[in-house]
Structures are given as C-alpha cells and as structure tokens.
Amino acid sequence: MNIRATALGAVRGLGLALLSMVGSLVLFILSVVTLALSVVVVGVFLFPLVTAIARSHANLRRRLAHEWFGVEAREPYKPRPRSRGGVIGLLRRYRWMVTDPATWRDLVWMIVDATAGFALAVLAFSLPMYGPYGWVLAAGVWRPIVHSGGGEWYTFVPIKDQASALLAGLLGFVYFGMGMWLTPRLMNWHARLAATLLRPTRERELEMRVARLTETRSDAVDTQAAELRRIERDLHDGAQARLVAMGMSLGAIEHLLERDPERAKILLSEARESSSKALTELRDLVRGIHPPVLAERGLGDAVRALAMANPLRTEVEIDLPGRIDAPVESAAYFAVSEILTNTAKHSGAQRVWLDLRHENGMLRVTVTDDGCGGADLSGGTGLRGIERRLGTFDGVLALNSPAGGPTIVTMELPCELSSPRP
C-alpha cells in the first residue's frame with residue numbers, strides 16, 4: 001500500500017468534489033435556466049455564453065483525467081462556424097451549440113458529476129482521513145467532549161468511555177486500510193465515469209477521423225505539389241542549365257577542332273567538368289527524393305547514417321526487426337533528418353539521443369537533446385511541416401521542450417513490419 005498515492009488521491013478527491021459542486025452543479029442549473037429562457041429571446045444571448053464556460057470546465061476535467069489518471073477523453077465538439085457579427089452571427093452560434101450532441105452530453109455529465117461523481121470524490125477523500133480521527137478519539141480527545149455534556153459518535157460507535165474510544169481507534173485502522181486500498185481505485189472510477197460521457201461518441205469519432213483524413217490528404221497534396229516545384233526548380237537551375245551549357249560547348253568544340261585544337265581541348269575540359277557537376281547535382285537530387293541507403297538498407301541503417309553525418313554527438317538505439325512500407329519509411333526518415341538538422345542549428349546542444357523502435361503496431365521515434373529548450377510547435381514551419389508529413393499516415397508528433405531543456409520530440413506512426421530482417 002502506498003501512503004503517498006493515497007494521500008494524493010484524497011487531496012485530488014477533495015478538489016474534484018469542490019469542482020463537482022461549484023462547477024458542474026452550478027453550470028448545469030445555469031444551462032437549464034438559460035435554455036428555458038430561449039423562448040423569451042434572453043436565452044439566445046445567455047445560453048452560448050454559459051455553454052462556452054461549461055465547455056471550458058469540461059475541457060479542464062478532460063485534462064485532469066488524462067494528467068492525473070491517464071484516462072483519455074478527446075474534445076467531441078463540432079467545429080465553430082465562421083465568425084459573423086450582429087444578430088445573424090449570434091443566432092448561428094446559438095444554433096451551433098444547440099444542435100451539437102456534445103452539448104447535451106455535457107449536460108448529462110454535469111448532473112452525473114454533481115451526484116455520482118461527487119459521491120465518489122468525497123468517499124475517496126473521507127475514507128483515509130476518517131481513520132486518523134478514530135485514533136485521535138482513542139488518544140483521549142473524547143474526554144472534554146463527553147465531560148462537558150456533549151456526545152460523540154464514531155460512525156455506529158457511541159463514545160462514552162475509554163473502552164468505546166479504543167474501539168473507535170481500532171475501527172479507525174479499518175477505515176484507514178479501506179481508504180488505502182479504495183482511494184486510488186475510486187479516483188480511477190471517477191475519471192472513467194467522466195470520460196465515458198466526455199469523450200466523443202463512435203459516430204463523432206468517425207466524423208473527426210474523416211475530417212482529419214481530409215485535412216491530412218489536402219496537406220499531402222500541397223506538400224507533393226511543393227516538392228514537385230522544388231524538383232523542377234532544382235533541375236531547371238542546376239543540372240538542366242549545365243547540360244545546356246555543355247551542349248553549347250560541344251557545338252563550339254565541333255567548329256574549333258580543325259581551326260584551334262588548343263581552344264577545343266580547353267572547352268572539352270570545361271564540358272567534362274560541367275558533366276561531372278551535373279551528375280553530382282542529379283545524384284543529390286535523387287538522394288533528396290529517396291536516399292539509396294533507405295531503399296537498400298532500410299530505415300534503421302538510414303537513420304544510423306544520418307546520426308553519423310550529424311555534427312553533434314549522437315547516440316542511436318534501434319529496435320526494428322523488419323522492414324516498413326516504403327512511404328512510411330520515407331516519412332520517418334525525412335522527419336528524423338529535419339529534427340536532427342534543427343537540433344544542430346538551433347538547440348545549442350552537445351549531445352543527441354535517438355531511439356527508434358516498433359511496438360504494438362506503432363513506429364515510435366524519440367529524439368532527445370541536452371540543449372537550451374524553448375522549442376515551440378507554433379514558433380516555426382519546420383516542426384509544423386514534420387507534423388503535416390506524419391499526419392498523412394495518421395502519425396502524431398509530441399514536443400516537450402521546457403526553457404533550459406532538455407527537448408524531447410516523440411513521433412508515432414501506425415504501421416506493420418512487412419518482413420523480418422535476415
């Protein structure tokens with residue numbers, strides 16, 4: 001039994017009990033009243049305001065359920081309509097909230113939270129705290145109460161003398177033991193009860209998934225178009241320009257072979273140099289599209305090659321017993337490449353730790369550095385670009401970068417290993 005976990009659960013139970021009464025119950029009453037006032041127009045103005053506060057309260061409880069108890073409950077609300085002023089905008093906002101099923105589920109959750117949730121939270125707090133009170137009574141605190149003409153009960157035990165006080169003390173051990181065992185479980189049940197009503201329904205989950213897939217596919221099309229434009233620009237400004245110049249040089253050489261052999265030799269040398277540079281640029285371009293080491297050796301060895309080329313000291317831990325589909329491999333490779341490049345440029349780090357493994361149908365990549373931290377997903381286009389690249393495959397990116405470091409970037413991509421590595 002863990003006393004620290006019990007004490008923490010009891011404190012959290014007290015906090016959640018207060019939130020249930022002050023937050024859920026009050027907001028439920030206000031929501032019902034303002035909704036009823038809609039028939040006299042006043043509710044049209046007030047109900048969206050109260051609902052917005054109720055949603056903030058529900059989001060707080062979703063976050064607490066996840067951070068305190070590891071229970072996930074995503075926001076189920078439909079996207080907010082485009083802002084529009086005046087009465088029309090107000091009516092659109094009212095209609096958006098009234099027609100969203102999540103609004104009604106929040107109402108149900110608030111009344112459940114104010115009753116069953118409150119009872120669970122209070123029980124989680126009172127059980128471990130009530131036991132020590134029996135010990136206090138057994139220590140003699142009952143004497144001034146009884147001698148002054150008062151009465152004291154410890155649950156079903158009337159305290160009249162030292163013998164009944166000792167019985168209360170023994171009963172206190174029972175309550176304390178029950179609290180040690182029950183409090184963490186009661187808090188977990190409390191979180192699961194809330195998540196049952198606060199998380200999206202199956203229909204809403206499907207709608208959200210379709211919306212995400214639409215967004216990520218649109219990002220993929222935009223990214224592909226930008227990549228094609230980059231390839232076209234690199235070919236036009238690089239290899240194509242050199243090949244055109246080489247063709248012109250060969251034409252000049254053809255006319256100079258008999259009249260000025262020495263000049264023709266110089267032009268031949270320049271043409272050979274141009275062809276070598278054009279070949280190098282084409283190889284670099286192909287390597288940027290799909291690195292040969294990735295195609296030939298797989299993601300693990302390709303990431304090791306990136307680590308070796310990284311200017312920072314990079315430690316790599318890889319657990320990939322097979323190959324991954326080529327598109328996922330490519331997305332993961334370029335994401336790691338971008339993160340290592342950003343780390344070398346901006347983090348001020350001395351060392352980087354890279355962990356790449358496949359477990360439970362997920363490719364998980366974790367990159368940690370000992371730099372100054374302070375990275376932000378909204379602070380630039382690099383991490384956002386990686387997030388969009390991963391989103392094409394239903395992947396996610398998580399960033400933890402407090403000021404002063406360290407910075408931890410975690411990426412997950414759903415995929416399967418296609419064949420074991422020989």
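The values are calculated or read from the model by the stated rules, or taken from the named source; none is laboratory data. Small disclaimer: the values here were computed from a predicted structure and weren't measured. When we count neighbours, we look across all protein chains shown, and the Cβ atoms used for this are built from the backbone with ideal geometry, even at glycine.
Couple of notes before you dig in:
- Consider the stretch 280-308 and keep the residues that are out of contact with any helix residue (DSSP H, G or I) (no Cβ under 8 Å at 6 or more places or on another chain) and modelled with pLDDT of 85 or more. The one that is surrounded by the most Cβ atoms within 10 Å (Cβ to Cβ) is Gly300.
- Flag if Gly404 is in contact (Cβ under 8 Å) with a residue 60 or more places away in the chain and out of contact with any strand residue (DSSP E or B) (no Cβ under 6 Å at 6 or more places or on another chain): no
- Residue in the stretch 350-364 that is among the small types (Gly, Ala, Ser) and over 23 Å from Ala403 (Cβ atoms) present: yes
- Listed conditions (1) modelled with pLDDT under 75; (2) surrounded by 14 or more Cβ atoms within 10 Å (Cβ to Cβ) are all met by Leu198, apart from (1).
- Across the stretch 340-351, a minimum of one residue is classified as outside any loop (DSSP other than H, G, I, E, B), of a type in the set (A, V, I, L, M, F, W, C) and surrounded by 14 or more Cβ atoms within 10 Å (Cβ to Cβ).
- Total residues in the stretch 38-71 satisfying the condition of being of a type in the set (Lys, Arg) and closer than 18 Å to Val11 by Cβ: the figure is 2.
- Close pairs (8 angstrom Cβ cut-off, 6 or more residues apart or separate chains): in contact (Cβ under 8 Å) with a residue 12 or more places away in the chain in the stretch 335-346, among the small types (Gly, Ala, Ser) and part of a helix (DSSP H, G or I) anywhere: Glu338/Gly382; Glu338/Gly385; Leu340/Ala307; Asn342/Gly382
- Taking the criterion of being surrounded by fewer than 17 Cβ atoms within 10 Å (Cβ to Cβ), of a type in the set (A, V, I, L, M, F, W, C) and over 19 Å from Met21 (Cβ atoms), the residues of the stretch 47-91 that qualify are Leu49, Ala52, Val87, Ile88, Leu90, Leu91.
- The criterion of at least 1 residues that are out of contact with any Ser or Thr (no Cβ under 7 Å at 6 or more places or on another chain) and of a type in the set (Ser, Thr, Tyr) is met by the following helices (runs of 4 or more DSSP H) wholly inside the stretch 1-71: 26-36, 42-69.
- Answer residue from the stretch 16-29, given it is touching a residue at least 40 places away in the same chain (Cβ under 8 Å) and surrounded by fewer than 20 Cβ atoms within 10 Å (Cβ to Cβ) and is nearest to Thr103 (Cα to Cα) among those: Leu25
- Qualifying position, being within 15 Å of Met97 (Cα to Cα) and among the β-branched types (Val, Ile, Thr), among Val11, Val40, Val32: Val32
- Check on Asp370, more than 15 Å from the chain's Cα centre (by Cα) and more than 27 Å from Glu296 (Cα to Cα): yes
- Selection from the stretch 93-103 of residues that are free of Cβ contacts under 8 Å to residues at least 60 places away in the same chain, buried (at least 17 other Cβ atoms within 10 Å of the Cβ) and assigned to a helix (DSSP H, G or I): Arg93, Tyr94, Trp96, Met97, Thr103
- Applying the condition of being under 25 Å from the mean Cα position of the chain (by Cα) and of a type in the set (Gly, Ala, Ser) to the stretch 17-67 and asking which residue is nearest to Leu197 (Cα to Cα) yields Ala58.
- Pairs with Cβ under 7 Å, 6+ apart, first in the stretch 104-125 and over 25 Å from Val11 (Cβ atoms) and in the same structural domain as Phe176 (by TED's automatic domain parsing), second of a type in the set (Gly, Ala, Ser) and buried (at least 18 other Cβ atoms within 10 Å of the Cβ): Asp106/Ala54; Asp106/Ala58; Leu107/Ser31
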